[in-house]
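A quick write-up on the structure given underneath.
The values are calculated or read from the model by the stated rules, or taken from the named source; none is laboratory data. Worth saying up front: this structure is predicted, and the values here are computed from it rather than measured. Note: ideal-geometry Cβ built from the backbone for every residue, glycine included; neighbour counts use all protein chains shown. Protein only, heavy atoms only, side chains kept; ligands, DNA and RNA dropped before computing areas. Shrake-Rupley method; radii C 1.70, N 1.55, O 1.52, S 1.80 Å.
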Amino acid sequence: MKKHLFLLLGLCTFCALGTSCEDDETPKIHYASSNGSIVDGYFTSDNMHFYGTATVTDENGNSFSDEEAWFEFAGDRETLTIYMHATRFAAAMPALDMRIHRMPYTPGQGAALSFSAPSTVPQVRLPNAEGGGYSYQDMPSYTLTKVEGSVADVVCRMGFTCAIPNMGTFRMEYEGRLITKD
């Protein structure tokens with residue numbers, strides 16, 4: 001959110017200095033009206049990108065919402081890889097790029113599928129120890145439980161629980177809509 005605030009402040013500064021700031025220069029999100037990446041319940045083609053709201057509730061009932069949550073799905077006819085870009089479970093938590101790798105799914109009818117798992121170890125994108133760059137590494141301390149989700153045409157819903165040592169237990173609920181590539 002801080003990045004967005006700084007970007008907004010920067011845009012306001014340019015506008016105040018007389019630089020052109022027309023609305024059509026601002027990137028807009030375009031939502032899809034149908035989903036061609038799932039055919040007869042099977043993931044078949046390009047990655048699906050969903051934009052929506054992730055709401056995280058801790059064991060004390062405190063909630064944190066990220067209204068710009070971006071989830072991405074890749075996969076094949078048997079498994080999905082679910083990328084959670086810049087994910088946070090609390091306002092004070094640094095944003096992490098996480099993924100659930102090789103999640104089996106159940107085909108639905110048409111452009112629909114569902115998935116669930118009692119638990120899974122997510123992977124977190126971290127700097128490589130040698131040579132620079134980044135890679136996804138298992139993060140057992142962030143093990144996700146009660147994982148459940150679905151894609152029904154252009155709507156994605158997902159939920160899971162995560163107990164993080166020294167931070168607490170969190171339930172994340174996500175709902176997003178499929179966006180188009182423009």
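Quick notes
- The trypsin sites (Lys or Arg not before Pro) found in region 114-182 that occupy coil by DSSP, while having at most 16 further C-beta atoms within 10 Å, are LYS181.
- Per-residue ³J(HN,Hα) for region 129-137, Karplus 6.51 cos²θ - 1.76 cosθ + 1.60, θ = phi - 60°, Hz, x for Gly and Pro: 5, 10, x, x, x, 9, 8, 7, 10
- Euclidean distance of C-alpha centroids, region 30-66 and region 151-182, integer Å: 6 Å
- Just the protein heavy atoms count here, and of the accessible area of region 104-182 at 1.4 Å, carbon and sulfur take up 52 percent.
- Residues in region 30-182 average 51 Å² of solvent-accessible surface per residue, probe 1.4 Å, ligands and nucleic acids excluded.
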